[in-house]
């Protein structure tokens, strides 16, 4: 059974509506309309990109089964961003300049979309993402060719700060992806948390391409904050939590996790302790609360 992402369905249907209303198919003489996807099939965001891709395929199948788009069959051209800005730019150029698609679904990550948004908007290609939450997009000069179907982290960052205050945390450190998603989320959280009376002890950023995070975890834990705010993706986030467990930091400090870490396989990714128990379960037994927050 295919794993689907509901937001991916919304995105592809929105794309179909926009392409129809914009008349992008009027100049297409072929018996098909091409729509591209540029999602994270591999890399740190693969747990989300795969289901988004499946959702897009299902939506296109439904559209074609009901007469297609303005009587033309819709063809999906899929590219893998690899959760990499470099790979995403190459793929976007191919979709826009070679395949000449009028619309692209993606990317799964904010920094990935920002890496190629100028390619789509300057060529009048519609781009829509179901998961770009960075505040940057709200005021980005996109010539009305970029859309997203999820809220900005201006909302989630404030909500995370409210949650931290409700949990009676007075000090916090942040450990975040050094990209548009992580930094944008962190900026909002820090401002709101401090406005509510909280104190930020440290702000640690990590390289999305890194594979070891011992030094970052140790730095975030310095000063013994009440809570560490982890803004991350599943692959790197699981390695960070595993490192924190191995260094005993989870026994001392609570963690709040962003929505970017909510995946059904996340416990498996973080791994098990020497007794064969999931590390997250072990943490709960020692009264360290790990929250995955959703607005």
Q: May I ask you to list the residues in region 263-295 that are within 18 Å of residue 228 (Cα to Cα), at pLDDT 85 or above and over 20 Å from the mean Cα position of the chain (by Cα)?
A: 279
Q. Name the helices (runs of 4 or more DSSP H) wholly within region 162-274 that hold at least 3 residues that are surrounded by fewer than 16 Cβ atoms within 10 Å (Cβ to Cβ) and outside the structural domain of residue 110 (by TED's automatic domain parsing)?
A. 180-195, 214-221
**Q.** Index of the failed condition, residue 44 passing every other in (1) modelled with pLDDT under 90; (2) within 16 Å of the chain's Cα centre (by Cα); (3) within 22 Å of residue 235 (Cα to Cα)
**A.** (1)
Q: Identify the single condition in (1) under 17 Å from residue 258 (Cα atoms); (2) modelled with pLDDT of 95 or more; (3) out of contact with any strand residue (DSSP E or B) (no Cβ under 7 Å at 6 or more places or on another chain) that residue 240 does not satisfy, given that it satisfies every other one.
A: (3)
Q. Looking only at region 143-160, which residues are surrounded by 16 or more Cβ atoms within 10 Å (Cβ to Cβ) and closer than 21 Å to residue 122 by Cα?
A. 145, 146, 147, 148
Q. For region 265-286, which residues satisfy the criterion of being out of contact with any strand residue (DSSP E or B) (no Cβ under 9 Å at 6 or more places or on another chain) and free of Cβ contacts under 8 Å to residues at least 12 places away in the same chain?
A. 274, 275, 276, 277, 285
Q. Residues in region 100-116: is at least one surrounded by fewer than 16 Cβ atoms within 10 Å (Cβ to Cβ) and either at pLDDT 95 or above or touching a strand residue (DSSP E or B) at 6+ places or on another chain (Cβ under 9 Å) (or both)?
A. yes
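The values are calculated or read from the model by the stated rules, or taken from the named source; none is laboratory data. Predicted, not measured: the structure shown is a model, and the values here were computed from it. Neighbour counts are summed over all protein chains in view; Cβ atoms, including those assigned to glycine, are modelled from backbone coordinates with ideal geometry.
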